[in-house]
Amino acid sequence: MSPARDEVLRRVAALLRDLLPTAAGAGALEEGTGLLGHGIGIDSVEALQLVAAAEKEFGLTVPDEDLFPEHFETVGTFVTFVERRLG
Amino acid sequence: MSTMPPSAPATAAGAGAPRTDPGLSVSDVSELIAISVLAPISWLLPQRLWGLAGDALAFAIAALRPDVTRRRMKRLREALGPGPSGRALFALRVRIMSAYMEERLQILRGYRPGGWRPHLRLTGREQLDAALARGHGALLMVSPFSHADLVSKMALREAGLAVSHLSTYSRGFSPNSCHVWRPTRFGMNVLSRLRTRIEDRYLGDRIVVPRSGQLGYLRQMEQRLRDNGIVSFRAGDRGHRAIPVRLFGGRLEFASGAPNLALSSGAALLPVFVVRLGSNAFEVVVEPPLEPAAGLERHAAVDDVLGRYAALLESYIRRHPNQWSGWYRLEMEPRAAEGEAAG
């Protein structure tokens, strides 16, 4: 059974804090918090590292063709991306 | 050590052009006209006369477009201050445009039997060898100078190195088309391939950031670096996070991705500059690796690396102002620009 959205959000937030302790650790990470290029301001390399961390955390495999930038718009869009892969 | 494989496939740069993009634009037609003028020159005129031909064409265009020329000269004045005369700024404007013309001539000559064969000198090969000896690959940050796109690839190939080159999907034949042109299917699928087909002769392979922006290309880059390979890219602002750096009292943005990849992968980030030595002679300089000050967190380290790169870049531009292709992307701050204009 897939974890609830709140649980996915909590675990994604923990991954982000591990990845970028300064940028992501300062304030609350909410669904609307920006990721790629704004908000926390991750770049494409960090987006890919987030994917690698999520693959490990959730036991996922994300193929190259699914790595659209839109999935990294906000924390919420990335949580949705993870949920869909889990579902 | 990475060496050139006997025959390596190259990916088409225009791959992935979606049907939602327009088929053709006015810029494409202009570029076709330019190619029809430049192709006979490139094939028939001796190479030693290309500079004169480029100057003549650039002078004519500058004179026929006085509004654009005024804007370009104003930007050069803002950046360089009150020192250069108006005549010197006009000459610089013409030389920058002339270099664009010559770059196209070099590519078009590549299609003639025998191709284009400049004299090349690679300086700083030891930087590359030292990077590869550490076993984490090398990222070559090719600075946006005229001739750099093709000449850097030719020199590295001549040195026996197999380089993977990262590029965005290309929009046209012009060296700066990715900055100013709206993408069209014709530009991506036809015009850009006129350029990349010649460049690809000198590459191990080409890694393309697709039109859709999918990030899979980064996995390819990581794999090349894990294999202790060499990945080149053109230093520029096309990326998801752009970092402003100080240059000539103004600012220019550079994408954070490649420096960040170097930091996270352990690859050496080596700036590369292409300098013209004579009408048909070029030096490709590989500078020592850019490394951040110790103890900085990741984003601060990327900022620090790009700041160091900007200082190096400015020193090259001051020595070779007519070879830098980024003058018109430089953003001058209003206060500085007004002060200099007043002077």
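Just counting partner chain Cβ atoms within 10 Å, what average do the residues of peptide A:32-45 show around their Cβ? Each step should come with its number before you reach the end.
On the way: counts 0, 0, 0, 1, 4, 5, 2, 0, 1, 5, 5, 15, 15, 19.
That average works out to 5.
In the stretch B:31-99, Rg over Rh equals 1.06, where Rg is the alpha-carbon radius of gyration and Rh the Kirkwood radius from pairwise Cα distances.
Over the Cα atoms of chain B, compute the convex hull volume and normalise it per residue, giving Å³.
Values: hull volume 48.0 nm³, N = 343.
Taking the convex hull of the Cα positions in chain B, it is 140 Å³ per residue.
In the stretch B:210-318, the C-alpha radius of gyration followed by the widest Cα-Cα span (Dmax) gives 14.9, 46 angstrom.
In whole angstrom, note down how far apart the Cα centers of the stretch B:195-213 and the stretch A:1-36 are. So the two Cα centres are separated by 36 Å.
Just the projected area, averaged over all directions, of the convex hull on the alpha carbon atoms of the stretch B:229-284: how many nm²? So the mean shadow area of the Cα hull is 5.6 nm².
Rg and Dmax of the stretch B:77-204, based on Cα coordinates, read 17.3, 51 Å.
Based on the convex hull around the alpha carbon atoms, the stretch A:1-45 presents an average projected area of 3.5 nm². Taking all C-alpha pairs of chain A, those more than 19 Å from each other amount to 27 percent. Counted over chain B, the DSSP beta bridges are approximately 35% antiparallel. Hey, if you put +1 on the Cβ of every Lys and Arg and -1 on every Asp and Glu Cβ in the protein assembly as shown, which of B:69, B:233, A:40 ends up farthest toward the positive end of that dipole? Going by the Cα projections, it comes out as B:69.
The convex hull defined by the C-alpha atoms of the stretch B:206-251 has an orientation-averaged projected area of 4.4 nm².
Just want to confirm a number: the relative contact order over the stretch B:202-343, from Cα pairs under 8 angstrom separated by 6+ residues, in percent. Don't skip to the answer; put the middle values down first.
Values: 141 pairs, mean separation 28.2, N = 142.
For the stretch B:202-343, the relative contact order is 20 percent.
Where in chain B are the DSSP H helices whose C-alpha atoms run 30 Å or more along the long axis and whose mean Kyte hydropathy is at least -1.0? Could you put the intermediate results ahead of the total?
Working: long enough: B:86-109 (34 Å, 0.20); B:298-319 (32 Å, -0.18).
Helices passing the filter in chain B: B:86-109, B:298-319.
Using the empirical formula 2.2 N^0.38 Å as the baseline, the Cα radius of gyration of the protein assembly as shown reaches a ratio of 1.03.
A short reminder: the numbers here are calculations on the coordinates, not readings from a lab. Values in this document were obtained by computation on a predicted structure and should not be read as measured data. Glycine gets a Cβ as well: all are built from the backbone with ideal geometry, and neighbour counts include every protein chain shown.
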